[in-house]
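One structure is given here, and the rest of the page talks about it.
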Amino acid sequence: MRNETLAGPGLCRVTTLSPSLPVNKDVPCSIDTLGNIRFTKGTTDAGEDTLADVQKVEERFSYVNITLAAPTTTTVKSSAGLLHKITVNKAAANGVITCYDNTAASGNVIATVTMPATLLASQIVLDYDVVFNLGLVCETSGAAQDLTISYRLLP
């Protein structure tokens, strides 16, 4: 338990045991708009951007690129994870992409993407950010396609 009191302009006095501050010594501090005493930490945490005063979080994903002729079935991951994105690198007219929460091309469908006969774009990025429990299997049909499946392991 810590107990701090104002000791002067920009200084506070720690009057009880503190794991990181000396007892009965004046230490730098400030007061916020609500009158709460704020201490400034003298070190930074891993990943902290001190210039912007923010803690940065970096997401990392694995990927599988599928460029095989259709129809093809690809096991992206054979255990639980998170489907981040399906990126269609080169769209193919009438191409179909079906992704399953399974270790085979059956069961719970996560996504079915059907390309139109007249393509509106050659590259498409589809955000999902959904958890799959058993595995991730993606199947293409209708036309050969170039896909990148981004996924992440669950902690």
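The values are calculated or read from the model by the stated rules, or taken from the named source; none is laboratory data. Only a predicted model underlies this, so the values are computations on that prediction, with no experimental measurement involved. For neighbour counting, all protein chains shown are included, and Cβ atoms are generated from backbone atoms with ideal geometry for every residue, glycine included.
I'm checking my understanding of the structure. Among residues of segment 82-106 that are of a type outside the set (Ser, Thr, Tyr) and touching a residue at least 60 places away in the same chain (Cβ under 8 Å), which one is nearest to Val137 (Cα to Cα)?
Among residues in segment 82-106 that are of a type outside the set (Ser, Thr, Tyr) and touching a residue at least 60 places away in the same chain (Cβ under 8 Å), the one nearest to Val137 (Cα to Cα) is Leu83.
When only residues in segment 134-155 that are among the polar types (S, T, N, Q) and part of a strand (DSSP E or B) count, which is surrounded by the most Cβ atoms within 10 Å (Cβ to Cβ)?
Residue satisfying both the conditions and the ranking: Thr140.
Mind telling me which of the residues Val54, Val96, Val88 ends up being in contact with a strand residue (DSSP E or B) (Cβ under 8 Å, 6 or more places away or on another chain) and at pLDDT below 90? Can you show your working first?
On the way: Val96 fails: at pLDDT below 90; Val88 fails: at pLDDT below 90.
Just a single option satisfies the conditions, and that option is Val54.
Looking at Val113, Val131, Val109, which one is under 23 Å from Glu59 (Cα atoms) and either free of Cβ contacts under 8 Å to residues at least 12 places away in the same chain or part of a strand (DSSP E or B) (or both)? So that I can check it myself, show each step before the final result.
Values: Val113 fails: under 23 Å from Glu59 (Cα atoms); Val109 fails: under 23 Å from Glu59 (Cα atoms).
When all the criteria are applied, what remains is Val131.
Restricting to segment 63-86, what's the tally of residues that are over 18 Å from the mean Cα position of the chain (by Cα), of a type in the set (Ser, Thr, Tyr) and part of a strand (DSSP E or B)?
Residues flagged as over 18 Å from the mean Cα position of the chain (by Cα), of a type in the set (Ser, Thr, Tyr) and part of a strand (DSSP E or B) within segment 63-86 amount to 4.
What number goes with the only condition from (1) touching a strand residue (DSSP E or B) at 6+ places or on another chain (Cβ under 8 Å); (2) assigned to a loop (DSSP other than H, G, I, E, B) that Leu119 does not pass?
Single failed check for Leu119: (1).
Against the condition farther than 15 Å from Tyr151 by Cα and assigned by TED's automatic domain parsing to the domain that holds Asp146, how does Leu83 come out, does it pass? Working first, answer last.
Working: farther than 15 Å from Tyr151 by Cα: no; assigned by TED's automatic domain parsing to the domain that holds Asp146: yes.
Judged against the criteria, Leu83 is not a match.
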